[in-house]
1. Which ones in region 270-322 are of a type in the set (Gly, Ala, Ser) and modelled with pLDDT under 95?
2. Being in the same structural domain as Trp231 (by TED's automatic domain parsing), surrounded by fewer than 24 Cβ atoms within 10 Å (Cβ to Cβ), among the small types (Gly, Ala, Ser) and over 25 Å from Val27 (Cα atoms) narrows it down to one residue among Ser168, Ser145, Ser96; which is it?
3. Of all the residues that make up region 20-72, how many are of a type in the set (Val, Ile, Thr) and closer than 20 Å to Gly188 by Cβ?
4. Among what's in region 45-78 and is part of a helix (DSSP H, G or I) and touching a Pro at 6+ places or on another chain (Cβ under 8 Å), pick the residue that is farthest from Val28 (Cα to Cα).
5. Return the residues of region 181-207 that are of a type outside the set (A, V, I, L, M) and surrounded by 19 or more Cβ atoms within 10 Å (Cβ to Cβ); say none if nothing qualifies.
6. Within region 102-128, can you find the residues that are β-branched (Val, Ile, Thr) and in a loop (DSSP other than H, G, I, E, B)?
7. Can you tell me which residue is nearest to Ile273 (Cα to Cα) among those in region 216-235 that are surrounded by 22 or more Cβ atoms within 10 Å (Cβ to Cβ) and among the β-branched types (Val, Ile, Thr)?
8. Are any of the residues in region 291-298 assigned to a loop (DSSP other than H, G, I, E, B), crowded, with 20+ Cβ neighbours inside 10 Å and within 14 Å of the chain's Cα centre (by Cα)?
Amino acid sequence: MTDSGFVLRSSPHLQDRDSVPKIMYAVVISLLPAVAASFYFFRFRALAVYLACLVGCLVTEAVFLRVRKKPLHALWDGSAVITALLLAMTLPPQLSLELVVIGAVMAIALGKQVFGGLGNNIFNPALVGRAFLQVAFPVAMTTWSPPATLAVDAATFATPLGNLKFQSAVAQGTLTPIQDLFWGNTGGCLGETSALALLLGAAFLLFRKAMDWRIPSGIILALGALTGIFWLVSPEKYASPLFHLLAGGFILGAFYMATDMVTSPITPLGAWIYALGIGIMIGVIRLFGGFPEGVMFAILFMNTFVPLLNRYTRPRILGERRAG
């Protein structure tokens with residue numbers, strides 16, 4: 001209301017120019033270099049996976065909004081689009097489109113809407129969809145095809161981390177070259193190709209302050225330190241920290257999945273603890289676990305601790321005194 005030139009309204013009185021759609025579509029823009037790279041390396045098969053994920057996520061979101069009697073314009077806030085892109089980037093390019101759609105439905109239904117929609121979900125929705133497919137269809141999710149730039153038999157093709165874990169690539173001298181990991185001339189999921197493309201998008205998000213820099217920094221420090229110790233002790237058995245930082249879904253997970261604003265801590269100390277926990281768990285799984293990759297498990301595991309981290313690491317209010 002107005003009275004004698006004064007405007008009276010409830011807090012908050014300081015408003016940011018950013019909005020949910022602006023932030024979400026900034027992330028979409030940052031992913032475009034990686035999307036383009038996956039088109040280059042996997043051709044039209046990548047396009048089919050992206051489209052199947054987009055259709056599955058948007059339709060599922062619309063159904064849940066209708067059932068919950070929420071306005072359908074929320075469908076275009078960008079959150080479902082990001083979930084679709086990130087989920088597609090965690091999938092093998094040759095995965096059947098039926099399974100892709102199932103993963104998209106589970107990502108929105110189980111990862112987001114059952115918790116009450118955007119802002120209420122505990123786990124990263126894209127990783128929930130990926131985890132469901134990993135558990136329900138393990139063979140399909142671990143069958144890889146080489147990029148179009150490599151003349152390799154698909155039946156014998158292995159990802160860089162799979163080659164490291166199951167074929168003793170370091171001892172055999174067949175470790176994937178660092179330059180191939182950086183430029184993207186390797187196989188794996190759609191988002192595991194070009195580290196350069198992902199880093200370009202991450203730089204855009206950091207410049208725009210659309211992610212907490214502490215989270216990727218902490219994850220890099222933890223994984224680099226852990227794998228570096230073992231590499232220094234036994235370089236003939238363990239890969240270098242740089243290999244681990246560029247291989248698999250690490251960059252995608254550290255810069256795009258772990259930094260999700262809804263499922264990551266809001267306090268500086270909480271962000272550091274969360275990030276270090278993810279980095280250590282990735283290293284432990286890659287070095288000693290039965291899976292070649294550990295990014296998905298590490299992020300989902302640490303997502304469960306975010307409410308506690310937010311509660312017990314909040315800064316003390318000026319003048320606040322502890323009870324007792």
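1. Within region 270-322, Gly289, Gly290, Gly294, Gly319 meet the criteria.
2. One residue alone meets the criteria, Ser168.
3. 2
4. Leu65
5. Selection gives Gly184, Thr186, Gly187, Gly188, Cys189, Gly191, Glu192, Thr193, Ser194, Gly201.
6. Listed by number, the list holds a single entry, Ile122.
7. Looking at residues that are surrounded by 22 or more Cβ atoms within 10 Å (Cβ to Cβ) and among the β-branched types (Val, Ile, Thr), I get Ile219.
8. yes
The values are calculated or read from the model by the stated rules, or taken from the named source; none is laboratory data. Treat the numbers as computed from the prediction; the structure is a model and nothing was measured. A quick note on method: Cβ atoms are made from the backbone with ideal geometry, for glycine too, and the neighbour counts reach across all protein chains shown.
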